[in-house]
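Beneath this line is the structure, given in C-alpha cells, with notes to follow.
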Protein chains: 2
Amino acid sequence: MSAPGKIILHGEHAVVYGKPALATSLNLRTTIHLSGNDGSIFILCLPSIDINKAWEVTDLELLYSTIQEGNGSIPSSPDTATLSRLRQFTDAEDGNAKDLAIIVFLYLHSQIIGSRGSLAALRVVVGSDLPVGAGLGSSAAYSVSLAAVLLVLAGQIRQIPNSWTREELGLVNSWAFEAERIIHGNPSGVDNAVSTYGGLILYRKGEALKPARGNSLQVVIVNSHVPRSTKRLVEKVKERLDKYPEIIRPMLESMEALVVKALDTMQGFENSDANVCYDILEELIDINQSQLNVLGVGHLSLEHICLLCQQNDFHCKLTGAGGGGCAFVLIRPDASKEKVKTLIKSIEEAGYMSWLTSIGGSGVTLHESMPLSS
Amino acid sequence: MSAPGKIILHGEHAVVYGKPALATSLNLRTTIHLSGNDGSIFILCLPSIDINKAWEVTDLELLYSTIQEGNGSIPSSPDTATLSRLRQFTDAEDGNAKDLAIIVFLYLHSQIIGSRGSLAALRVVVGSDLPVGAGLGSSAAYSVSLAAVLLVLAGQIRQIPNSWTREELGLVNSWAFEAERIIHGNPSGVDNAVSTYGGLILYRKGEALKPARGNSLQVVIVNSHVPRSTKRLVEKVKERLDKYPEIIRPMLESMEALVVKALDTMQGFENSDANVCYDILEELIDINQSQLNVLGVGHLSLEHICLLCQQNDFHCKLTGAGGGGCAFVLIRPDASKEKVKTLIKSIEEAGYMSWLTSIGGSGVTLHESMPLSS
C-alpha cells in the first residue's frame, strides 16, 4: 500500500483569508508493507524516523481492552482516556513526532481491526520518500496508507488494486483525518484528502473540499533546508496586512484569481494545446512567487533557488508556508534530460536537496496482495 | 549651474494605467560652466558624450536670423522650418543623441538669448555624472541646467543662488520641457519637473504634476548595464494584463496604494520616528519590487542585484522600465560606512556599476556667478 505526499500549487497564505488554494498529490510516497509475523511478536518499523517497535501481541490485546471500542466502518476520534492510555503505553513526550506516529498506529489498529479479542502477530514496515516536517504532507501519507492497509485487513474496503469506490476512499480519508487530528490538533483535512484521492484539491476555509482531476506534471521538489515556523509566517502576513491593508488586500484578490486560472489550466490540458498550458502554468508560477514575496514570506534561500531555476530557464515557486521550506520547479515534457540534469546539479551544488518526481497523480494505491487474517 | 537626474521611486508601469507614480530628484547632476570666450569662436563642449563643437559667432548669428524669432519669457516649440534648419546646420541623423543635444542647445540659445542681433562668444562646457539612456533623466538634467543658465544670461531669471521664485522655476521648467520634447517627442514632463524643482513629484496621467517636499535620503544607484526597451516592457505588461486581467488589475490597485503610502512616509519624517519611516520605506521597496515582478518587468540581473542587497541587509528595487536598466538601494543613515563599502564592493565585483548618492534633494541650482553679457 502506498499513499502520496502533497504540495500546495497556489493559494498558500491567501487561504487564511478565505481565498481558495489548490493542492495536488506529490508522487513521493509512503509505502506500507504488511506481513504475518511468526510467533507472538507484533512489529512496527519506520526506519526513516528511527522507529523499531516490538510488542507481545498479548500486551497489545491487553492495552486495546482498556480503551474505547472501535468500529472500522465508523471513523471516530479517541476519547481523552484512550489518548491518555496510549500516551502512557508509549511513554510519549508532548509533540514528539516518533511518539505521535506510534500512537496513531495503535489507535487506528485498535479501532479498525477491533479492540476486543485476539490479534494476529504482524510485521508492519513503513518506508517513505517524504522528508518529515517539510510541508510535503508526510504525516498524511502515513495516516492514509496506514488507514487503507488496516481497512483492507479488516475487510472494510476491498483488496482490489485501483478500483475503490468513492465510499471506500471516503472511509480511508475519514480515518486518516482522525489520525491527522491526533498528530496536528486542528488540520484542514487537505493533506489527507490529496493523499487519498490524488489529483487536485481546491479548498477554501469553511467550504467542502473539491477534488478535481488534472494532468500529471513533472516537477523537481527542492528543499531549502531552512527551518521555518508556519505559525510565525502566518502571523507575519497578518502583520503586513494590518500595516498596509490597502496594499495587501488587493494582492489577496489577485491571488484568488490566480488559483482559479491555475485550476482551469490544469484541467484544460485535454482540450488545449499542451504547450500553451505549460506556458500559462510557468507564468502563474512566476507571478505567484512574486505575490508571495509581496506578502513577505519569501526567503533568501528561496530567491536563490528561483534564480538558479531562472538561469536554467525553469520556473519555480515556494510551496506551503515559505520563509524557507520547499519549492517546486515545473519540468515541461519537452525539457531535455541534459537540461534537467544541469538544473538538478546546480541546485545540489548550491547545497539544496532535490527530487525529480511528479504531481497530480494517483492517491492511495494497493500494490500487492496482503495477508487477510487479522 | 547644475541640475539633478531623477529616479522613479514607486509606481512605474502602473502609471500607464492611470495610477499615480512618485519620482524624485537624484543627486547625480549635470553641470554647465559658462565663460566668455576670447575672439569670435563659440564653443559647446559635452565631453561625456564626445561633443566638442566650435562655431564662428557670425555663423550662429546667420543661422539664428533664418529661424523663428524667440522670446525668452515665452517658452515655445520650434516650428517645422526651424527644426529642419537646425537639423540641416548640424548634419543631424534621426534620433542621434549627440545631434539632439546640439540641436537643443542651438534652439534654447537662439530663443532665450534672442535670435536677432549680435551674440557673445561663449564657452559652454557641460559635465554630467549621469549615464545616458539609463532612465535616470540625463536629458532632462541637461535641458534644465541649460535653460536655467541661458535664462540667467538673458536676465529672465535672477542670478541669485537658491532663491528663485516659483515663477522663475516655472520658466526654467517650461523651456526645459520644450527641449525634452525635441529630444523625446512626447515626454511626460516629469523628468524636467523633478530636475527643476527637486524633491518629490507625484504624477498621474492627465493630471497636473504635484511637487512635494520630502526628506533627502541616501541611496546607491546600480546600473545593471542590461539594455532594455521601455516600449517593449510597457507592451509586455499590457500583454500580461490582457491575458490575466483578474490577476493583474488588483495588482495595479495595490501599486496605487503603495505609492500613496510611500509619499505619506517620505513627507512624514519630520513628525515621526525616522527609524519607523525607514522601516516602512524598506518594506515598500521590497513589496514594490515583487509587484513589478508580478507584472513581468523583472530581469535576472535585477534579481541578482536584489539578492546581493538582501545578503548585505539592504533593500533594493528596479527603477523605471525594468527588464534591466537601473535599480536603487536605500541606505539608512545608521548603516556603517564599512557595511555600505561591503555592499558596493559586492555589487561591483558582480560586474555592475554603482553610485553612492542621494535622492529628494535640490533641483536646479546656481553655484557661481556667470558672465552677464549675452
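The values are calculated or read from the model by the stated rules, or taken from the named source; none is laboratory data. No experiment lies behind these values; they were computed from the predicted model shown. Using ideal geometry, Cβ is built from the backbone for each residue, glycine included, and neighbour counts are taken over all protein chains shown. Quick note on the areas: whole protein, heavy atoms, side chains included, nothing else; ligands and nucleic acids left out. Shrake-Rupley method; radii C 1.70, N 1.55, O 1.52, S 1.80 Å.
Among the residues of the range B:275-293, which ones are more than 27 Å from the chain's Cα centre (by Cα) and farther than 15 Å from A:Tyr244 by Cα? B:Asn275 - this is the single residue of the range B:275-293 that is more than 27 Å from the chain's Cα centre (by Cα) and farther than 15 Å from A:Tyr244 by Cα. If I ask for residues that are open to solvent by 70 Å² or more (accessible area, probe 1.4 Å) and under 19 Å from B:Pro4 (Cβ atoms), which ones from the range B:19-56 would you list? B:His33, B:Ser48, listed by residue number.
Among the residues of the range B:249-272, the ones that are buried (at least 20 other Cβ atoms within 10 Å of the Cβ), without any contact (Cβ under 8 Å) to a residue 40 or more places away in the chain and closer than 19 Å to B:Gly198 by Cβ come to 1 in all. Applying a threshold of 8 Å to beta carbon distances and a minimum spacing of six or more residues, or different chains, the list of pairs starting in the range A:281-294 at a residue that is assigned by TED's automatic domain parsing to the domain that holds A:Leu252 and over 21 Å from A:Lys238 (Cβ atoms) and ending at one that is charged (D, E, K, R) and open to solvent by less than 10 Å² (accessible area, probe 1.4 Å) reads A:Ile285/A:Lys317; A:Asp286/A:Lys317. Of the residues contained in the range A:344-362, one or more are found to be surrounded by 22 or more Cβ atoms within 10 Å (Cβ to Cβ) and assigned to a loop (DSSP other than H, G, I, E, B).
Within the set A:Glu239, A:Glu246, the sole residue that is at pLDDT 95 or above, closer than 18 Å to A:Ala14 by Cβ and in contact with a Lys or Arg (Cβ under 8 Å, 6 or more places away or on another chain) turns out to be A:Glu246. For B:Ala262, the requirement of being over 24 Å from the mean Cα position of the chain (by Cα), assigned to a helix (DSSP H, G or I), within 11 Å of chain A (Cβ to nearest Cβ) and among the small types (Gly, Ala, Ser) is not met.
Residues that are part of a loop (DSSP other than H, G, I, E, B), on the phi > 0 side of the Ramachandran plot, buried (at least 21 other Cβ atoms within 10 Å of the Cβ) and touching an Asp or Glu at 6+ places or on another chain (Cβ under 8 Å) occur at least once in the range B:116-139. In the range B:194-245, of all residues being more than 18 Å from B:Ala327 (Cα to Cα) and polar (S, T, N, Q), the one that is nearest to the other protein chains (Cβ to nearest Cβ) corresponds to B:Asn215. Scanning the range B:74-113 for residues that are in a loop (DSSP other than H, G, I, E, B) and among the aliphatic types (A, V, I, L, M) yields B:Ile74, B:Ala92. In the set A:Leu202, A:Leu106, only one residue is open to solvent by 20 Å² or more (accessible area, probe 1.4 Å) and either of a type outside the set (Ser, Thr, Tyr) or modelled with pLDDT of 95 or more (or both); that residue is A:Leu202. In the range A:273-315, the residue that is most open to solvent (accessible area, probe 1.4 Å) out of those that are outside any loop (DSSP other than H, G, I, E, B), within 11 Å of chain B (Cβ to nearest Cβ) and of a type in the set (D, E, K, R) is A:Asp279.
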